[in-house]
Every structure is written in C-alpha cells, then in structure tokens.
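Structure record follows, encoded as structure tokens.
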Amino acid sequence: MAVLPAAAQPQAWAWDDGTVPYVQTPMEIVERMLRMAEVKKDDYVIDLGSGDGRIIIEAAKRGARGLGVDLDPNLVKHATENAKKAGVEDKVQFLTKDIFETDLSGATVVAFYLLPDFNAKLLPRLLKLKPGTRIVSHDGGIGDWPPDERLEMRAPEKPVGVGGVSRVELWIVPADAKGAWWSELPGHGGRWQFAIKQKYQELDIDVAAQGRDLLVRNSRLRGEEIKLIVTGIVNGRAWHHYFVGTLKDDRIAGEVTISDGNNKRSFPWTANRAR
C-alpha cells in the first residue's frame, strides 16, 4: 500500500494510521521476484501495494494477467498510464483499494513489498489460497512461516536500507497433508501406513509396513507435490524407497521407485487418508 504521491521521496517507516509509504522495488529485484515465482502466461498475479505498477506490468509482458491495488489514487492513475505505455493495458487492472479488502482467491501469484507487520496480518488469508499458489515478497517475511526459497542480492539503486542488499523470498501454499494415510503395495509390504504431522510445508512423518517402523530420511511438500525418502526392511530385505505424488483432498496419486542397491523398479503409488 502507498500513501505518498509518485514525486515524493520514499520513506522506510509506517505512518500512524497504519499505512505503508511508497518505496519503489528496483527493476532487477522485480525481475528476480517474477523469475522465482515462475510467472508465465496462464498466471493471474496480484500485487498488494502496486505503486507505479512495475511488477504487474512486467508480469503482463510475460503473458500473465494482473491486478495491482494501492491506497494512493495518484499512483493507481500513474500505474494505469504506465501499462498503456507498455502496451499491456488489456491484461492488467489497477484499483484504489485496501490490501485487506482485496479478494485474493483467483490469484496464482501474490506479490508485495510491505512491512513485516502487514505481511503477518496477511498470513491467515494467504494460507487459505489454493495449494500451489506462489507468494513472493521483497524484504519481508510472513510471520513464522518459513519460505520455500530465499535469495539475497545487491541492488545498488535501492532507495532504503544499508548496502543496497535486497532479500527475495518465495512461499508456495501447501496442501493439507496431516493425518493418517494408508496405501497398498502388493508384493512389496502389502499395507503401508503413513502418520503425518504438519506445520506449514514442514512435515514430520512416521511410516510402517509389515508391522515394522521404517526410517523417513527426507520429505518435502511443495504445494500439492509430496516427496518422501524411506528406507528399511521389507520382505526381509533392505530397500530404499522414493515416493513422489500429488495430493488432492484425501488422496495421493503418484509413483514409488524402490532399489536394493542392485535392482531398481518403479510402480504406481496411491495413498488414502483415513477419516
């Protein structure tokens, strides 16, 4: 959100009324944000506190559609004019609007350069977005939600801060993976059980097969994609298992690759959540 006219000098603090002053994101940081979020032609990007519109305009140049919201009508007018100059006015819209009153449900990418307190207030709404939605921020975390990716780089033209160092962070809204899951792997352990605890995208998983606990060496949840590395004794032999699947509602569908060091094979893997 921005409250200063475009010609004013940028400031790095919040006003008493809770708004955020306008500070431009350097263009090379805009580029990195869009690259990290993998913005493409089928995306719908929402920029909260869009300023002169540069993030949305650059996203539109990649074929995406976009919405920028800002409290300052002068900046909204300026961003609209910039979109026309760039030839992307048919792909974008800029509105004078409060970020907390903006409908984010249609976004595939959400971008912002706000103060951390504002980001933290957005956290509950961001977590309700569709799994796989990408969220990218310049110089600001989102409460205690750890980013999926983080990049620091120097931006000499950055108007605030010391040393011109910028931090770009990416979050991917995780699917709901928590609970008790079961899977049938005929010929390789029969019924498997997966007990998953979840905090954001971080998972704590227990796996058992044939009444034996197996070791989960690594796991990752990235949107709807889940990956597990599991080792242990199955059918009397030591095996390495690589599970990859897509989680939708109460079902995971994918593939498991197993190896005993000499032989390797893959077969379909599905898991169902016990309700």
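The values are calculated or read from the model by the stated rules, or taken from the named source; none is laboratory data. Because the structure is a prediction, the values reported are computed rather than measured. All Cβ positions, even for glycine, are placed from backbone atoms using ideal geometry, and neighbour counts span all protein chains on display. Quick note on the areas: whole protein, heavy atoms, side chains included, nothing else; ligands and nucleic acids left out. Shrake-Rupley method; radii C 1.70, N 1.55, O 1.52, S 1.80 Å.
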Quick one: in segment 171-192, which of the residues that are open to solvent by less than 10 Å² (accessible area, probe 1.4 Å) and assigned to a strand (DSSP E or B) is nearest to D148 (Cα to Cα)? W171
Of the numbered conditions (1) out of contact with any helix residue (DSSP H, G or I) (no Cβ under 7 Å at 6 or more places or on another chain); (2) open to solvent by 10 Å² or more (accessible area, probe 1.4 Å); (3) farther than 19 Å from L48 by Cα; (4) part of a strand (DSSP E or B), R167 fails exactly one; give the number of that condition. (3)
Which condition breaks for P26 when tested against (1) in contact with a helix residue (DSSP H, G or I) (Cβ under 8 Å, 6 or more places away or on another chain); (2) modelled with pLDDT under 95; (3) over 21 Å from L129 (Cα atoms)? (1)
Say whether the condition of being in contact with a Phe, Trp or Tyr (Cβ under 6 Å, 6 or more places away or on another chain), among the basic types (K, R) and closer than 30 Å to Q201 by Cα is met by at least one residue in segment 135-156. no
How many residues of segment 40-56 are open to solvent by 10 Å² or more (accessible area, probe 1.4 Å) and farther than 21 Å from N119 by Cα? The answer is 3
Given (1) closer than 25 Å to R35 by Cβ; (2) without any contact (Cβ under 8 Å) to a residue 24 or more places away in the chain, where does H138 come up short, assuming only one miss? (2)
Residue list for segment 111-130, restricted to those being out of contact with any Ser or Thr (no Cβ under 9 Å at 6 or more places or on another chain) and among the hydrophobic types (A, V, I, L, M, F, W, C): L115, F118, A120, L122, L123, L127
Counting only residues that are in contact with a helix residue (DSSP H, G or I) (Cβ under 7 Å, 6 or more places away or on another chain) and of a type in the set (A, V, I, L, M), which one in segment 111-151 is modelled with the lowest pLDDT? L151
Residue satisfying all of: in segment 212-244; among the hydroxyl-bearing types (S, T, Y) and closer than 20 Å to A175 by Cα; surrounded by the most Cβ atoms within 10 Å (Cβ to Cβ) among these: S219
Can D148 be described as under 16 Å from S50 (Cα atoms) and either of a type in the set (D, E, K, R) or free of Cβ contacts under 8 Å to residues at least 60 places away in the same chain (or both)? no
